[in-house]
Every structure is written in C-alpha cells, then in structure tokens.
Amino acid sequence: QVQLVESGGGLVQPGGSLRLSCATSGRIFSLNAMGWYRQAPGKQRELVATITSGGTTNYADSVKGRFTISRDVAKNTAYLQMDSLKPEDTAVYYCNADLRREWYNNWATVWGQGTQVTVSS
C-alpha cells in the first residue's frame, strides 16, 4: 500500500522559514501531480501549491513569491520551501499525489497525515 509521509513542520517566528518534505513509500507504477494543501482551525482545506510530473507549478495567490514547491522525480518526493512566513500560514499542511500503483490500476489520489506548521512569536 502506498503511503505519503510529511515532515519538517514545527514552530517558527514570523519572517522565518521551514522546508516540508513529502516522501512516498510502497510500490508506485506511475506518479503524476503532487501537491500541498493546508487546513487552519475552523477553515476548509485549501490549495497551497501543486507540481506536475513535468515540473509545471501552480500556487495560491496568498503564497506566491514566498513558497516554492519542488520534487525529486527519482525519489518520488515533493518539497515545500516556505519563506517569509506569516501567522496566517499557521495550519496543518498535507501533501497529496495522483498515482497508479500498478499498470492495471486506475489513477488514485493519496493523502498524507499532515504536519503542523505554527508561525508565532
């Protein structure tokens, strides 16, 4: 069974930086887009950034110019570099991936368990 495991969250002061990682485990036949989402207390989960297998990126307006998504295709791992963090970036950050486990499987979206990011002085 494929799993996604996020890491790199924590407590950081406003203006600081964090780098999140999303590692995959288990057999993957094909991996397409990967993405980062976040959910703050009392709010709906929202898109942060996505990256396709070809490297095309997309960002929420609220993080453009501050966050950078990247991926290591060989390792099936995605990253989110977060700079100039603000208190409103505080949330649980989740990664997801569109993948096929075997050639005969349909595409499926798999989610990680999330990692907490808290921006506070």
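Of note:
- With the charge dipole of the chain set up from +1 on Lys and Arg Cβ and -1 on Asp and Glu Cβ about the Cα centre, the Cα lying farthest toward the positive end among the listed residues 106, 58, 117 is that of 106.
- This model, with +1 at the C-beta of Lys and Arg and -1 at the C-beta of Asp and Glu, gives segment 50-93 a dipole about its Cα centre of some 120 debye.
- Computed about its Cα centre, the charge dipole of the chain is approximately 120 debye, with only Lys, Arg, Asp and Glu carrying charge at their Cβ.
- Percent RCO, i.e. relative contact order, over the chain, from Cα pairs under 8 Å lying at least 6 residues apart: 37 percent
- Annotation note: chymotrypsin sites (Phe, Trp or Tyr not before Pro) in segment 1-70 located in DSSP loop regions with a Cβ neighbour count of at most 13 within 10 Å are 29.
- Radius of gyration and maximum dimension Dmax of the chain, Cα, Å: 14.2, 50
- The label-point distance for residue 32 and residue 100, in a model that sets each label 7 Å from Cα toward Cβ, rounds to 1.0 nm.
None of the figures in this text is laboratory data; all of them are computed from the coordinates on show. Nothing here was measured: the structure is a model prediction, and the numbers come from that model. Neighbour counts are summed over all protein chains in view; Cβ atoms, including those assigned to glycine, are modelled from backbone coordinates with ideal geometry.
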